[in-house]
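Input: a single structure, listed below in structure tokens.
The values are calculated or read from the model by the stated rules, or taken from the named source; none is laboratory data. Quantities reported herein were computed from a predicted structural model and do not represent experimental measurements. Cβ: placed from backbone, ideal geometry, glycine included. Neighbour counts: every protein chain shown. For accessibility, only protein heavy atoms count, side chains too; no ligands or nucleic acids. Shrake-Rupley method; radii C 1.70, N 1.55, O 1.52, S 1.80 Å.
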Amino acid sequence: MAREQLGVLNALDAAKTQWYHFTAIVIAGMGFFTDAYDLFCISLVTKLLGRIYYHVDGALKPGTLPPNVAAAVNGVALVGTLVGQLFFGWLGDKMGRKKVYGLTLILMVVCSIASGLSFGSTAKGVIATLCFFRFWLGFGIGGDYPLSATIMSEYANKKTRGAFIAAVFAMQGFGILGGGIVGLIVSAAFDHAYKAPAYSVDAAASTVPQADYVWRIILMVGAIPAALTYYWRMKMPETARFTALVAKNAKQAVADMSKVLNIDLEAEEDKVIKISTDRTNSFGLFSREFLKRHGLHLLGTTTTWFLLDIAFYSQNLFQKDIFSAIGWIPKAASMNAIHEVYKIARAQTLIALCSTVPGYWFTVALIDIMGRFAIQLMGFFFMTVFMFALAIPYHHWTLEPNRIGFVIMYSLTFFFANFGPNATTFVVPAEIFPARLRSTCHGISAAAGKAGAIVGAFGFLYAAQSTDPAKTDAGYPPGIGVRYSLIMLGVINFFGMLFTLLVPESKGKSLEELTGENGDENDEKQIQMDPSRTVPI
């Protein structure tokens, strides 16, 4: 028989939605707002960096970052994020969620400011300094993934837990939107204050010296939301699940949650000792017991996040073509440097408003009704359908009368990424692993996702180049072309659908019911035989 749940954890599971839930969403969500702002704002300024530091006198087109430099500037934060997810995920299970949570935020604030202050007497010096600080910024951002998800899952009630964790992740949409709005404000102010001709009129005068401040201000603004959240993060008590089940301090867990829930709770120290000394609650990550109970789950969460992020981060393949096709971004030579930032920021803001933000909030509204499994399967299914629908008649979509149709299909692909696996791959790893390994396993799953992001953002940037060497972008070797790249992405999404079958449904269940942490040692065989449990057989 299953052991009776700890009273303090039962109180959290059964609690009605109240003020502390929304406080936790805002505190964790503001971290995610900052993460998205910092990761995506670099795309607003890469063209400006090319104009400032890689200008060639007499060239017909403005300067651009060479492929290796562009890959470093855009990708170094993703590499830092991957390393941070693994390191801080592990540290969150060792030191506690709260202690590590403040550390990641300090790192994000310092490195956001330092990125904007990147120094150097040469272009190479400035870019190298920028990449150094962007790596450590990514390292701090990486820690926010497992910690935010784990804290929210351990604070939430079981009825609306999915919506609360998804709401934290949905702040990513507002972070991307915020980046676009800041880019609009800063570029509009500088464009108005420092008038400059288009590049085609006067190449040298089209980039005013003050343009160097624009990208620095945009990058440094990312420090503000993180700094504002620090005080509230430090006031949050440690989660009861870490304090009781990992630190084994029943009294502290009860004291903390009594204040949060405004009810009297009893410290059940005997029960905590029983749970912690049970052999089934002491296995490690690299044990045979973990492999038997959660091995397929970890395979499911890592592969689905990896495959999703390949497709999700490949979106930069088509954005420049889409924006140009619908007239959002004119030819670079027809604009001055700061006005180009304004046009790119406007395009990112519109995409975030129309496609990114709505998809996230559809997930928040429906995840505890439809369930995680159904939303993830549906999302991968529609992403597969739309990728193939874009790829098979690709020539049809390139004709001018059909370009708006291409934009609609493309937008729907990423709507179903956000109302689908982009949100659920973040939610599920925070629910289905034991408390002592929860942050670590979420970090491993998220790091697999970032590995997919690196493949999607850079592997496909090379793959999507034309097979004709004369038609490739400057500095890139020939690839397989956009059509075959889209077919590959469709296949990747199809495999995402298959690997979703390894991921259990966690809707409406307590975390301890999902992980078996409130089960008796004698219950082990029954747990493995019961198909309603999440343990693979």
Being open to solvent by less than 30 Å² (accessible area, probe 1.4 Å) and touching a residue at least 12 places away in the same chain (Cβ under 8 Å) is the filter here; which residues of the range 277-297 pass it?
D278, T280, N281, F290, R293, H294, G295, H297
Specify which of the listed residues (I141, I127, I113) is assigned to a helix (DSSP H, G or I), open to solvent by less than 20 Å² (accessible area, probe 1.4 Å), more than 23 Å from V357 (Cα to Cα) and touching a residue at least 24 places away in the same chain (Cβ under 8 Å).
I127
For the range 61-82, enumerate the residues that are more than 22 Å from Y145 (Cα to Cα) and either touching a helix residue (DSSP H, G or I) at 6+ places or on another chain (Cβ under 7 Å) or part of a helix (DSSP H, G or I) (or both).
K61, P62, G63, T64, L65, P67, N68, V69, A70, A71, A72
Subset of the range 410-435 that is open to solvent by less than 10 Å² (accessible area, probe 1.4 Å) and assigned to a loop (DSSP other than H, G, I, E, B) - its residue that is nearest to N157 (Cα to Cα):
E431
Those residues of the range 460-470 which are open to solvent by less than 40 Å² (accessible area, probe 1.4 Å) and either at pLDDT 80 or above or touching a helix residue (DSSP H, G or I) at 6+ places or on another chain (Cβ under 6 Å) (or both), in sequence order
F460, A463, A464
Quick check on L177: is it outside any loop (DSSP other than H, G, I, E, B) and buried (at least 21 other Cβ atoms within 10 Å of the Cβ)?
yes
Give V186, V201, V208 a once-over and let me know the one that is modelled with pLDDT of 95 or more and either among the basic types (K, R) or within 23 Å of A337 (Cβ to Cβ) (or both).
V186
L514 passes all but one of the listed conditions (1) assigned to a helix (DSSP H, G or I); (2) open to solvent by less than 30 Å² (accessible area, probe 1.4 Å); (3) at pLDDT 80 or above; (4) farther than 26 Å from L86 by Cβ; the exception is number (4)
Can you tell me which condition E154 does not meet? The list is (1) modelled with pLDDT under 90; (2) open to solvent by less than 10 Å² (accessible area, probe 1.4 Å), and all the others hold.
(1)
Quick one: which of G481, G475, G496 is over 19 Å from F426 (Cβ atoms), open to solvent by less than 20 Å² (accessible area, probe 1.4 Å) and among the small types (G, A, S)?
G481
Against the condition at pLDDT 85 or above and under 23 Å from the mean Cα position of the chain (by Cα), how does T303 come out, does it pass?
yes
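Matching residues to (1) assigned to a helix (DSSP H, G or I); (2) in contact with a helix residue (DSSP H, G or I) (Cβ under 9 Å, 6 or more places away or on another chain):
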residue: H192; (1), (2): yes, no
residue: K195; (1), (2): no, no
residue: Y199; (1), (2): no, yes
residue: S206; (1), (2): no, yes
residue: W232; (1), (2): yes, yes
residue: P237; (1), (2): no, yes
residue: A244; (1), (2): yes, yes
Flagged in the range 460-472 as in contact (Cβ under 8 Å) with a residue 12 or more places away in the chain and either assigned to a helix (DSSP H, G or I) or in contact with a Pro (Cβ under 8 Å, 6 or more places away or on another chain) (or both), in numbering order, are F460, L461, Y462, A463, Q465, S466, T467
